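Since every read-out is calculated from the coordinates, none of them should be taken as a lab result. Please read these numbers as outputs of a predicted model, since none were measured by experiment. Note: ideal-geometry Cβ built from the backbone for every residue, glycine included; neighbour counts use all protein chains shown.
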Amino acid sequence: MKLQAKALLAFNLFLVIACVIIGVLGFFTADNGFGYALGTKASHDLQEIKALLDARYPGAWESKPDGLYKGSKRFNDDSALLDELGKLSGNNVTLFNKDTRIATTFVDSAGKRATGTKASEAIISTVLTQGNSFSGYAEVLGNRYLSAYEPLKNANGQVVGMLFMGIPTNNLDEIQSGFIRTIVIAIIFLLVAIGTISWFVIGRIVKQITEVVGHMDEMSQGNLRSLPATKSAKCRTRLTPC
């Protein structure tokens, strides 16, 4: 293999490895960033929906034998309200009476609302038992969501229910797929551009090195008295204008 081809192969191999490393690091950094951004959006949207419910339905939250109330408003099976909240936020919304879904935007394959189902044990422990908000990945009815849960408290500060806001992770997958495509296109363009430039640059460098080696070889065999004077050498003799 010629020297030029070897040098070009080594340079491009180094370039490919560097681009792959940068792409991988960029992907994982973006993955965490996109996940955090969508999780923050879910939490923010949940607080806005909760504020809207507080403004629209005055009074404290209360769990009664026949359902979840806020003031005089009963929320059980109020699909129209939940669909409205879902459209306003662009997310899935669910209201829980304690650990049980009593109104939700989730529907099964038959179009039936997923009411009467329970929250996961992890969510029950964090939100209902401990009274803390939750934000992050959560599995809901067999699917993974970037979720936010907020405890709903009665006038005495007791947790009587939960408000849920969820963004399907396929939204994140679409963002990641677009990001990966952009990285791949950028890397291909970079490799083609730099590869083309390096072919000419490395070719010139190799040509000069080959000429010098050839002259040195001739000198060692006594066929030349000296190497051709370089431009700087001519300048130093002041015989040739520079």
Relative contact order of region 59-175, defined on C-alpha pairs under 8 angstrom at six or more residues apart (%): 23
Computed magnitude of the charge dipole of region 59-175 (debye, nearest 20; Cβ of K, R +1, Cβ of D, E -1): 340
Region 59-175 - Debye-derived log10 I(q)/I(0), Cα point model, q = 0.16, 0.21 Å⁻¹: -0.72, -1.24
Charge context of residue 75, other residues only, Cβ under 12 angstrom, K/R +1, D/E -1: +2
Likely footprinting exposure, 46, 81, fewest C-beta neighbours within 10 Å first: 81, 46
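Where does the charge balance sit around residue 47 when Lys and Arg score +1, Asp and Glu -1, over other residues with C-beta under 13 Å from its C-beta?
Details: positive: 41, 50; negative: 45, 48, 54, 150.
It works out to a net charge of -2.
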